[in-house]
1. Quote the FRET efficiency, to the nearest 0.05, computed for residue 57 versus residue 198 with a Förster distance R0 of 22 Å and r equal to the Cβ-Cβ distance.
2. Just subtract the alpha-carbon distance of residue 124 and residue 65 from 0.36 nm times their residue separation and send over the number in nm, one decimal.
3. With a 1.4 Å probe and all protein chains in place, put 35, 15 in order of accessible area, largest first.
4. Against the 2.2 N^0.38 Å scaling, with N counting residues, where does region 13-88 land? I'd like the Cα-based Rg ratio to two decimal places.
5. Compute for region 1-133: radius of gyration divided by Kirkwood radius, i.e. Rg/Rh, restricted to C-alpha atoms, rounded to two decimals.
6. Over region 1-92, what is the relative contact order in percent, taking alpha-carbon pairs closer than 8 angstrom and at least six residues apart?
7. How fast does region 82-194 diffuse by Stokes-Einstein, in µm²/s, taking the Kirkwood radius from C-alpha pairs at 10 °C and 1.306 mPa s?
8. For region 56-136, rounded, prolate or oblate, judged on the Cα gyration tensor with a ≥ b ≥ c (square roots of eigenvalues), a/c < 1.5 rounded, else prolate if a/b > b/c?
Amino acid sequence: MPKLIIQIPCLNEAEVLATTVAALPRDVPGFDAVEILVIDDGSQDDTVDVARRAGVDHIVRFPQNQGLAKAFSAGIDAALKLGADIIVNTDADNQYEGRDIPALVRPILEGRADMVIGDRGPESIAHFSPLKRALQFYGSWVVRGLSGTDVPDAASGFRALSRRAALRLNVISDFTYTLETLVQAGKNQLAVTHVPVRTRETRPSRLFRSIPAYLRRSFLTLVRIYSLYEPIRVFWTLGSVMVLAGVTIGIRFLYYYLFDPVGAGKIQSLILAAALSIIGVQTILMGLIADLIALSRSLTEDTLLRVRKIELRLGELPDTEPGYHPELDEPEPQRGSGTGA
């Protein structure tokens, strides 16, 4: 029977963490073990003590805040090394109903999906403002187009991952994992689906200070990750637009030069046309170079996947590097003294 690990990234969540943990199921159909992993992202309150008293099974701590994306990645890495077959990620603020976890993991158990996103139905959430509903709708529409998936709620953090999906995802953003992992999943040909989930009204998000800030950082994240997987399309589109603009302006200059002696001195148009054309061609060439880099990145990801599998086969526990201190029930393996009998 498989093992389910529910991970909860936390930052100063001492007030609500106990309630969140208490609402999580300890018995889920299809699993003989359900464990809870808390990732403390440099909290300055009693989050860790609350987690211990709440009876969580594992705690990973950062002494300083690393950001939600780093906390999510650390949790995935720890859960894999703890033997998780399926990983559920949920928020510490008790936004999501723990009762929906069986429905969330069911498509993976049935072999129909590698990743399942909890659809909050953001267009109908009463405590969302009209602006936030619109942004959620159009933002998810953009992510669907970029990722090739049909997920209606791209920003939902309530999601389940199979072991296969968890091994293949590599979060490079320092902002949020929700959008990036969807694009990666689509480009890696992982099966992605969604199920409806229930939510509660919670405090305002701590991930961003304002909606413009969130939009700016989300846009940069999407452009960055999409450019990694589709560099030819991105750079060739930009380059072609510049070349087309340069040619158009050049034709305008020729028209005035040949047929309008009064306007034949529009040398600035010729300079702009030449500059745009040169920059456009350079951008197209950059796309070719970026595509070669993308091929190298693909090989690197395959190598990283193999390394992860080797680590898991050797039974390694979560890393104990400086700044990354897991507190696990399992003892550290004893290392030999090197003196040999």
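1. 0.30
2. Values: separation 59, 0.36 × 59 = 21.24 nm, distance 3.33 nm.
Extra length from residue 124 to residue 65 when fully extended: 17.9 nm.
3. On the way: 35 35, 15 180 Å².
From most exposed to least exposed: 15, 35.
4. Numbers: Rg = 12.6 Å, N = 76, 2.2 N^0.38 = 11.4 Å.
My calculation over the Cα atoms of region 13-88 gives 1.10.
5. On the way: Rg = 15.1 Å, Rh = 15.5 Å.
Rg/Rh: 0.97.
6. On the way: 182 pairs, mean separation 39.7, N = 92.
The normalised contact order for region 1-92 reaches 43 percent.
7. Working: Rh = 14.4 Å.
In µm²/s, the coefficient rounds to 110.
8. Details: a/c = 2.25, a/b = 1.27, b/c = 1.77.
The shape class here is oblate.
The values are calculated or read from the model by the stated rules, or taken from the named source; none is laboratory data. All values derive from a computational prediction rather than experimental measurement. Every residue, glycine as well, gets a Cβ built from its backbone with ideal geometry; the counts of neighbours run over all protein chains shown. Remember, those area values only see protein heavy atoms, side chains included, never the ligands or the DNA or RNA. Shrake-Rupley method; radii C 1.70, N 1.55, O 1.52, S 1.80 Å.
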